[in-house]
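Enquirer: A single structure is presented below for examination.
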Amino acid sequence: MTDLRAALVAACRRLDGLGFVAATDGNLSCRLGPDRLLVTPSGRSKGELEANDLLVTDLEGRVVEGDGRPSSELPMHLFVYRRRDDVGAVVHAHPPAASGFAVAGIDLTEPVMPEIVLTVGPIPLARYATPSTADVPRSLEPLIDGHQAFLLESHGVLCVGRHLTEALHRMERVEHVARVDLVARLLGRPRALSDGEVLALFDAARALRGEREP
Ligand SMILES: [Zn+2]
């Protein structure tokens, strides 16, 4: 528990340091147990949070430990945990380039960079939903299964992972591929990997892990 609190605070500071969250933007959470989440509080700068500022809630969003209100985007987090047993952490931020794609209504589903294909996969665009409302989970409903990162139209980015590090790394990778994609669009046109190139990529990754062909 102490380790998870420290890890969540470190993740908040990392996002703040990277410029992925302005002012009090962004919210993060991770599972503490079957019906317990550790979540960031509402209205606080992510760069200034301390371990004791974090709140513990159940999967209904009721605060069971800590002072203050949980993030206003908690319904989005709860939706993800209820739908995805494999998810242990949820990270939401507004990184500038990826959020720019979200504002422009352009998804990042084309396989343009090998490491993104292997570690994040296609990044779809969830239709616009008023932040902090139940409309946000509804906008994720058609996409939640089978994706690890989402652009929230005219808003920002949501990433999930088995643990905090995985969700945080995915957020960094989404912003990175958005920047690269933007430069490629300025220079010409991003080249998507072919189906054969994607298959070869997964074969090579399996070989590196020492697995045999399925
Ligand atoms: Zn947001």
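The values are calculated or read from the model by the stated rules, or taken from the named source; none is laboratory data. What you see is a predicted model, and the numbers here were worked out from it, not measured in a lab. For neighbour counting, all protein chains shown are included, and Cβ atoms are generated from backbone atoms with ideal geometry for every residue, glycine included. Heavy atoms of the whole protein, side chains included, go into the accessibility calculation; ligands, DNA and RNA do not. Shrake-Rupley method; radii C 1.70, N 1.55, O 1.52, S 1.80 Å.
Enquirer: Being farther than 24 Å from Glu175 by Cα and not in a helix (DSSP H, G or I) is true for just one of Arg31, Arg82, Arg5. Which residue is that? Working first, answer last.
Expert: Numbers: Arg82 fails: not in a helix (DSSP H, G or I); Arg5 fails: not in a helix (DSSP H, G or I).
Residue meeting the stated conditions: Arg31.
Enquirer: State which residue pairs qualify: first residue within 19 Å of Val21 (Cβ to Cβ) and inside the stretch 156-185, second residue open to solvent by 30 Å² or more (accessible area, probe 1.4 Å) and within 15 Å of the ligand (Cβ to nearest atom) in any location, beta carbons under 8 Å apart, and separation of 6 or more residues or different chains.
Expert: Correct list of pairs: Gly156/Asp25; Gly156/His94; Val157/His94; Glu175/Pro96; Ala178/Gly100.
Enquirer: Just give me the residues in the stretch 72-118 being small (Gly, Ala, Ser) and away from the ligand (no atom under 16 Å from the Cβ), in sequence order. Walk me through it before giving the result.
Expert: Step one: of the stretch 72-118, the residues small (Gly, Ala, Ser) are 72, 88-89, 93, 97-100, 102, 104-105.
If the condition is that a residue be small (Gly, Ala, Ser) and away from the ligand (no atom under 16 Å from the Cβ), then Gly88, Ala89, Ala104, Gly105 are the ones that fit.
Enquirer: From the list Thr57, Thr109, which residue is in contact with a strand residue (DSSP E or B) (Cβ under 9 Å, 6 or more places away or on another chain) and buried (at least 17 other Cβ atoms within 10 Å of the Cβ)? Spell out how you get there, then give the answer.
Expert: Values: Thr109 fails: buried (at least 17 other Cβ atoms within 10 Å of the Cβ).
So the residue among Thr57, Thr109 that is in contact with a strand residue (DSSP E or B) (Cβ under 9 Å, 6 or more places away or on another chain) and buried (at least 17 other Cβ atoms within 10 Å of the Cβ) is Thr57.
Each row is one residue, and each column tells you yes or no for (1) touching a helix residue (DSSP H, G or I) at 6+ places or on another chain (Cβ under 7 Å); (2) of a type in the set (D, E, K, R); (3) farther than 21 Å from Thr165 by Cα; (4) open to solvent by 60 Å² or more (accessible area, probe 1.4 Å).
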{"site": "Val64", "(1), (2), (3), (4)": "no, no, yes, yes"}
{"site": "Pro70", "(1), (2), (3), (4)": "no, no, yes, no"}
{"site": "His77", "(1), (2), (3), (4)": "no, no, no, no"}
{"site": "Val80", "(1), (2), (3), (4)": "no, no, no, no"}
{"site": "Asp86", "(1), (2), (3), (4)": "no, yes, no, yes"}
{"site": "Pro96", "(1), (2), (3), (4)": "no, no, no, yes"}
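Enquirer: Then there's this: Within the bounds of the stretch 73-92, is there any residue that is of a type in the set (Ser, Thr, Tyr) and touching a residue at least 60 places away in the same chain (Cβ under 8 Å)? Break it down stepwise before answering.
Expert: Going residue by residue through the stretch 73-92, those that are of a type in the set (Ser, Thr, Tyr) are 81.
Subset that is touching a residue at least 60 places away in the same chain (Cβ under 8 Å): none.
For the stretch 73-92, residues of a type in the set (Ser, Thr, Tyr) and touching a residue at least 60 places away in the same chain (Cβ under 8 Å): absent.
Enquirer: Take the residues of the stretch 10-21 that are assigned to a loop (DSSP other than H, G, I, E, B) and in contact with a strand residue (DSSP E or B) (Cβ under 8 Å, 6 or more places away or on another chain): which is farthest from the ligand (Cβ to nearest atom)? Before the answer, list the steps.
Expert: Our first condition is that a residue be assigned to a loop (DSSP other than H, G, I, E, B); within the stretch 10-21, this holds for 18-21.
From what is left, the residues that are in contact with a strand residue (DSSP E or B) (Cβ under 8 Å, 6 or more places away or on another chain) are 20-21.
Details: Phe20: 11, Val21: 9 Å.
Checking each candidate, the answer is Phe20.
Enquirer: Quickly run through the stretch 115-153 and pick out the residues that are open to solvent by 60 Å² or more (accessible area, probe 1.4 Å), over 15 Å from the mean Cα position of the chain (by Cα) and closer than 27 Å to Ala205 by Cβ.
Expert: Correct list: Glu115, Leu118.
Enquirer: Does Leu158 satisfy being open to solvent by less than 30 Å² (accessible area, probe 1.4 Å), more than 12 Å from the ligand (Cβ to nearest atom) and over 18 Å from Met113 (Cβ atoms)?
Expert: Details: open to solvent by less than 30 Å² (accessible area, probe 1.4 Å): yes; more than 12 Å from the ligand (Cβ to nearest atom): no; over 18 Å from Met113 (Cβ atoms): yes.
So Leu158 fails the test.
Enquirer: Moving on to the next point. Can you tell me which residue is nearest to the ligand (Cβ to nearest atom) among those in the stretch 60-71 that are within 25 Å of Val21 (Cα to Cα) and modelled with pLDDT of 95 or more? Walk me through how you get there before you give the answer.
Expert: Residues of the stretch 60-71 within 25 Å of Val21 (Cα to Cα): 61, 63, 66-71.
Restricting the remaining residues to those that are modelled with pLDDT of 95 or more gives 61, 63, 66, 69-71.
On the way: Gly61: 17, Val63: 20, Gly66: 21, Arg69: 16, Pro70: 14, Ser71: 9 Å.
Per the stated criteria, the residue is Ser71.
Enquirer: Out of the residues in the stretch 22-40 that are within 16 Å of the ligand (Cβ to nearest atom) and within 15 Å of Val90 (Cα to Cα), which is surrounded by the fewest Cβ atoms within 10 Å (Cβ to Cβ)?
Expert: Once the filter is applied, the top-ranked residue is Asp25.
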